[in-house]
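The values are calculated or read from the model by the stated rules, or taken from the named source; none is laboratory data. Model, not experiment: these values are computed from the prediction. No Cβ is skipped: glycine too gets one built from the backbone with ideal geometry, and neighbour counts run over all protein chains shown. Quick note on the areas: whole protein, heavy atoms, side chains included, nothing else; ligands and nucleic acids left out. Shrake-Rupley method; radii C 1.70, N 1.55, O 1.52, S 1.80 Å.
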Amino acid sequence: RLTFSQWYYMLLDFPEYPTKKLLPDAYKLMKGSKRRLLYINLSFLPLFALGFISFCVAFLWIIPYYQSVNANFYLDLVKKKTGKP
């Protein structure tokens, strides 16, 4: 799941490319960065537990924050791989 996790963002960036082309590119993009993404996902476990404890009310804040962190991870990953700011 971590290997192809950035496929969604690549699909948004390159809507003209077919899915069969983006999947290998997503694999290449995540090569060497799976551990970083795993650490990010594990750091959200306490927040998700807090969301369940609050009867899912806290998810109104946690889910957008989680999605923005993943989007920023993708942007950082693309910046490191391409070398462009």
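Highlighted here would be helices (runs of 4 or more DSSP H) found entirely within region 24-85 that include at least 3 residues which are open to solvent by less than 50 Å² (accessible area, probe 1.4 Å), touching a strand residue (DSSP E or B) at 6+ places or on another chain (Cβ under 9 Å) and at negative phi, but there are none. Contact map, region 16-35: residues that are under 14 Å from F73 (Cα atoms) paired with residues that are open to solvent by 80 Å² or more (accessible area, probe 1.4 Å), Cβ distance under 7 Å, separation 6+ or inter-chain. Pairs shown: A26/F4; L29/K81. Residue selection: K20 fails the criterion of being under 20 Å from K81 (Cα atoms) and not hydroxyl-bearing (S, T, Y).
On the stretch given as region 60-83, residues that are under 16 Å from L29 (Cα atoms) and touching a helix residue (DSSP H, G or I) at 6+ places or on another chain (Cβ under 8 Å) total 7.
Applying the selection to region 1-23, what residues are outside any helix (DSSP H, G or I) and surrounded by 11 or more Cβ atoms within 10 Å (Cβ to Cβ)? Scanning region 1-23 gives L2, T3, F4, S5, Q6, F14, Y17.
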